Every structure is written in structure tokens, then in C-alpha cells.
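This report concerns only the one structure given below.
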Amino acid sequence: MTHPAFYEFGSPVRVVSGLTALERIPGLLEDLGAARPLVITDKGVRAAGLVDVLTGALGNGLEPGGIADEVPPDSSVAAVREVAHRFREARCDGILALGGGSVLDTAKGVNILVSEGGDDLMAYSGAGALKRRLKPLIAIPTTAGTGSETTLVAVIKDAARQVKMTFVSHYLIPDAAVLDPRMTLTLPPHITAATAMDALTHAMEAYTCLAKNPQSDAAALAAVALIAEHLPRVMAAPGDAHARLALANAATLAGMAFSNSMCGMVHNLGHAVGAVCGVPHGTCMAIFLPYGLEYNLHKNGPLTAELLLPLAGPEVFARTPAYHRPFRVIEAVRQLNRHLRERTAGRHACSLQEVRDARGQAQIPRERLPEIVAAAMRDGTAIYNPEDLDREDVLMVLTQAWEGLPLDRTRVRQG
Ligand SMILES: [Fe+2]
């Protein structure tokens, strides 16, 4: 596979990364011309004490204009309006978005309303509706996974109309991403594992899908190497700040990669399982990643083989025969999943049938697979997947992933 003759790559986010990166925020706000930021977060992040860590790091010189912690787990139009109202009432002039994907998306939606005026978020949905810079927005991720701190997209649910609205604009990319391990140190092991596998999927899909380019490749390979080295360290020693910071860097790099080169069938299938059964995104990514690599193998063998170097290191790469490298990559991802399952006392699922909800009930009954197939067919993410996916293919992959069995090579579409 060659790179496209034409591509675009943009990643204007100022990344500030370090053990005391939070302390740089007052300076960043000053550079951006803001002095009274609204902190947008959720109740879980607040209960974990992270808002206090942030405000402590801001020091006496900078007082937030307010703390809006009412972001729901699934960002909503109503929440965006409510937080925008808070922003205006408190006469804020910038946003500190402290949280995971939902907080980030909500903050991007709020920024549209408070910058453009009015209450009609829908007027800005779709691509290209924004025509000018918004107010300063600094993203402070509290998981190392989604990469939302680098992306130009916000997905916000309109509960009244039962639809997810997508907003796409370069003006939605945060001005800065602040990566500080104090924000992820207390993340529970199963969430650490699932979010890191989301980042690994961003990197691997960016490297192997159709819109790859030299810039996204560099970011993707760096992310794979960081995750391979530091995820096992964090699972063994969750308080290792340096390893936590490495994972945060990896997630941001992987975000830069996939937001410029898009992703493929792993995200397609994951969105479908998420929509039908309410399973967390990272859990789906971990399960489907080896299947995505396996399904595309006959088109992507050499590219998949290249991932062995950052994933397993030079010694393993050198002693593995070239023809065997792609299979070794897939096996290494499965091994990593099994290791994560062991480290989380079974909470990290390696197959769809192992996924449990908060009460310990199986969350993906086998009889729902046809519904998931239908949802996958409605999701457009597979457009950049190297191999086509039809209903029959999706059902075959889902069935194997439900059982936790490798794909039957005789049934994989051969180009
Ligand atoms: Fe993802």
C-alpha cells in the first residue's frame, strides 16, 4: 500500500506535558488572552478530587469564573445550553475542559454557543458551519484514551429527537492539551486498560487504514511503542506517574494520528455494540482490535508486520520470520488483552460474551448480534477500512468475537 498522492494533516494543538503541567495553565490562558475561565467537568471527576488538584495548581493568581460539573455521561444539547448559560452569567472568557470524551464534547458545544451567541446549537451541526475562531479552550484529559483533546469533532446527543448530532470544524480543536499524570493516577485498573486499548486502536487503525499518510504514521508508531512499554507498567504499578504520563502522551499522539487518517472496522463494530448494548467504547475496542487486524490481513499483511517493531521491540521483530510478523502482531494484541484481564480480576473482557454490566450481568446476549449487525451497517466508519464489510462479514466477525475465537481464515473475504 502506498500513501495517498494528496492528503491533509493538521494538528494545531499546543501540547503541554509533564509532572507539573497543570501549573502552566495560567500562562497558557494569558497567552490566549483569557483570565476568567469556566471549568467544565462532571460529578465523577469532581468526586475524585481532580477539580481541587486543578484549582490548587492554578494558584492564587487565577480564580476560575465558575465550576460547571453537570455534564452527563452522554453529552446532551440540554447540558450544553445549561453550561453556556453559566458561562455567560459568570462573565467567563475561556474554558478549561477537565474530563473524558463527554466533557470535552460538551465543552466544544458550549464554546460554539458562547462564541457565536444564541441558544441554537443545531444551527452549527454538520461540517464547516463555523467560520471563525472560538473562545480559548484548554483540554485537560482525565483518561488516557479518547484523544478528544486533539480532534475537530464533537458528538452531542439531542435527547428530544433521539439523535446524536455531529459537529465538525477545525475551530473545534482545543487550543491546548494539558497532560498531567495527576489527572489519571487514580483511574481504576479496568478503565485504565480499556481506555489505553482505545488509544492503541486509534494508532493501529490510523497506521493500517486507507487514509494513512507519513505524518499520521509517525504519530501512530510512536503511540504504539509508548503503550506497549508503559501499559503493563501502569497495570503493575498504578501510581507510577512517569508511566501514566507516557500513556497520556500516547493517547494524544494516537488522537492526532486517527483524527487525520480516520479509523476503520474496529470503530465501526465498536460503535454498533455501544449503540445497541451500551458497552463502553474502550471495552469494544479491546475486543475488536485483533479481529480488525485479522480481517484485513490479506490486504494489509506488510503494514501489520511493521507494527511488530514498536509493539514487541527489536529483538522479537528480528527473530520473527517476515511472513510470520503480522500473525505475531495479532497474537501480541490478544496476549495483551489476556494480561489485562488477569490484572483486572476478569473485568477486562477479551470476548463479547465476557462483557458484564455494573451488576455483573452479561451485557451482550448472543441473540442481539443481528441488531448489532444492523447498527454496524448504519455506521459509516468502515469507509476507510482496507477491506469491504457486508452484513455476512460483520455477523461472522461478531460471532467469532462473541465466542472469543480467532477468525476462520477460510471464511474471510479474499479481496
Ligand atoms: Fe476510539
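Laboratory data are not the source of any read-out in this text; all were calculated from the coordinates shown. This one's a predicted model, so the numbers in the text were calculated from it and none came from an experiment. With ideal geometry, Cβ positions are generated from the backbone for all residues, glycine too; neighbour counts draw on all protein chains shown.
Between residue 315 and residue 374, what length comes free when the chain is fully extended (0.36 nm per residue of separation minus the Cα-Cα distance, one decimal in nm)?
Values: separation 59, 0.36 × 59 = 21.24 nm, distance 4.35 nm.
Between residue 315 and residue 374, full extension yields an extra 16.9 nm.
Can you tell me the order of 221-234, 190-203, 296-309 when each peptide is scored by its average per-residue count of other Cβ atoms within 10 angstrom, highest first? Walk me through the numbers before you get to the answer.
Numbers: 221-234: 21.9, 190-203: 27.4, 296-309: 19.9.
Top of the packing list down: 190-203, 221-234, 296-309.
Measure nothing fancy, just the Cα-based angle from helix 101-116's long axis to the longest principal axis of the chain, in degrees from 0 to 90, nearest 10.
With both axes taken from Cα atoms, the answer is about 40 degrees.
Would you mind putting 354-365, 164-175 in packing order, based on average other-beta-carbon counts within 10 Å, highest first?
Numbers: 354-365: 14.2, 164-175: 18.8.
Going by the mean number of other Cβ atoms within 10 Å, highest first, we get 164-175, 354-365.
Could you put 7, 323, 291 in order, starting from the residue whose Cβ has the fewest other Cβ atoms within 10 Å? It would help to have the intermediate numbers written out before the result.
Details: 7 14, 323 9, 291 22.
Ordered by Cβ neighbours within 10 Å, fewest first: 323, 7, 291.
Fewest first, what order do 82, 30, 367 take by the number of other Cβ atoms within 10 Å?
On the way: 82 16, 30 12, 367 7.
So the residues, fewest neighbours to most, are 367, 30, 82.
Mind checking the angle between helix 369-378 and the chain's longest principal axis? C-alpha axes, 0 to 90 degrees, to the nearest 10.
60
Rank by packing, highest mean first: peptides 48-59, 247-258, 399-410, 207-218, with packing defined as the count of other Cβ atoms within 10 Å averaged across residues. Provide the component values of the computation, followed by the final result.
Working: 48-59: 16.2, 247-258: 29.2, 399-410: 14.7, 207-218: 20.2.
In descending order of packing, they fall as 247-258, 207-218, 48-59, 399-410.
For residue 89 and residue 298, what is the calculated FRET efficiency with R₀ set at 45 Å and r taken between the beta-carbons, to the nearest 0.05?
Details: r = 58 Å, r/R0 = 1.29.
That gives a FRET efficiency of 0.20.
Please compute the length gained on full extension between residue 23 and residue 410, using 0.36 nm multiplied by the number of residues separating them and subtracting their Cα-Cα distance. List each step's numbers first, then the result.
Numbers: separation 387, 0.36 × 387 = 139.32 nm, distance 5.61 nm.
Working it through step by step, the gained length comes to 133.7 nm.
Distances over 34 Å make up what percent of all Cα-Cα pairs in the chain? Don't skip to the end; give the middle numbers.
Working: 23550 of 85905 pairs.
Within the chain, distances greater than 34 Å cover 27 percent of Cα pairs.
Per the helix-only calculation at 222 nm, which mean residue ellipticity applies to the chain, given -39500 (n - 2.57) for every DSSP H run of n ≥ 4 and division by its residues, nearest 500 deg cm²/dmol? Don't skip to the answer; put the middle values down first.
Numbers: 16 runs with 206 residues, N = 415.
That comes out to -15500 deg cm²/dmol.
Give, to the nearest whole percent, the P(r) tail of segment 14-183 beyond 24 angstrom, counting all Cα pairs. Walk me through the intermediate numbers first.
Details: 3700 of 14365 pairs.
That tail contains 26 percent of the Cα-Cα pairs.
Charges at C-beta only: +1 for Lys and Arg, -1 for Asp and Glu. How large is the resulting dipole of segment 14-183 about its Cα centre, in Debye rounded to 20? Walk me through the numbers on the way to the answer.
Values: 18 positive and 20 negative charges, 65 e Å.
Dipole magnitude for segment 14-183 comes out near 320 debye.
Below 8 Å, C-alpha to C-alpha, sequence gap of six or more: please give me the relative contact order for segment 14-183 in percent.
Working: 341 pairs, mean separation 47.5, N = 170.
Dividing the mean separation by the residue count of segment 14-183 yields 28 percent.
Rounded to the nearest 20 debye, what is the charge dipole size of the chain about its Cα centre when +1 sits on each Lys and Arg Cβ and -1 on each Asp and Glu Cβ? Mind dumping the intermediate values first?
Numbers: 39 positive and 43 negative charges, 56 e Å.
Dipole size: approximately 260 debye.
Taking the simple approach of a point 7 Å from Cα along Cα-to-Cβ for both residue 63 and residue 43, what is their distance in nm?
Label-label distance for residue 63 and residue 43, simple model: 2.8 nm.
Just want to confirm a number: the relative contact order over the chain, from Cα pairs under 8 angstrom separated by 6+ residues, in percent.
15
Out of every Cα pair in segment 189-411, what percent are spaced more than 29 Å from each other?
Working: 4896 of 24753 pairs.
Tail of P(r) above 29 Å: 20 percent of Cα pairs.
Can you tell which of 181, 145, 170 lies farthest toward the positive end of the dipole of segment 118-250, using +1 and -1 charges on the Cβ of basic and acidic side chains (Lys, Arg; Asp, Glu)?
170
Compute the acute angle (0 to 90°) between the alpha-carbon long axis of helix 265-277 and the principal axis of greatest extent of the alpha-carbon atoms of the chain; round to the nearest 10°.
70
Once every Cα of segment 1-48 carries one equal point scatterer and solvent is ignored, give the base-10 log of I(q)/I(0) from the Debye formula at q = 0.28, 0.31 Å⁻¹, two decimals.
Cα-only, vacuum Debye calculation for segment 1-48: -1.15, -1.13.
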